Amino acid sequence: MADNNKNNKNNNSNNKMSYEEAGRKGGEKTAQNHDREFYQEIGEKGGKATAQNHDKEFYQEIGEKGGKANRENNSEKANRENNNS
């Protein structure tokens, strides 16, 4: 018997769509209906809202986390490149 939902990551026995699948489908539909300018506008609005709701320490913390992640990724990349030489 063929699985009609093989592309749907659905583990529910009652054939309801998972939150993951619903989000993916919604994102794809939004991307089809909107252009780059739309995403720039909502990004700017989100950035302004974040700035109003958070202080300097918040930005310092996320900056440190981002820097740490970049250092780790760059170190792993260098190790892979050295091992392939």
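A short reminder: the numbers here are calculations on the coordinates, not readings from a lab. For clarity, every value in this text was computed on a predicted model and none was experimentally measured.
Using the Karplus relation 6.51 cos²θ - 1.76 cosθ + 1.60 with θ = phi - 60°, the per-residue 3J(HN,Hα) values for region 19-25 come to 4, 4, 5, 4, x, 4, 5 Hz, with x marking Gly and Pro. Near M17, no amide H atom lies under 5 Å from its own; only residues 5 or more places off or on other chains count, and H is placed 1.01 Å from N.
For region 54-63, the Karplus equation 6.51 cos²θ - 1.76 cosθ + 1.60, evaluated at θ = phi - 60°, returns couplings of 10, 9, 4, 4, 4, 5, 5, 5, 5, x Hz by residue, with Gly and Pro reported as x.
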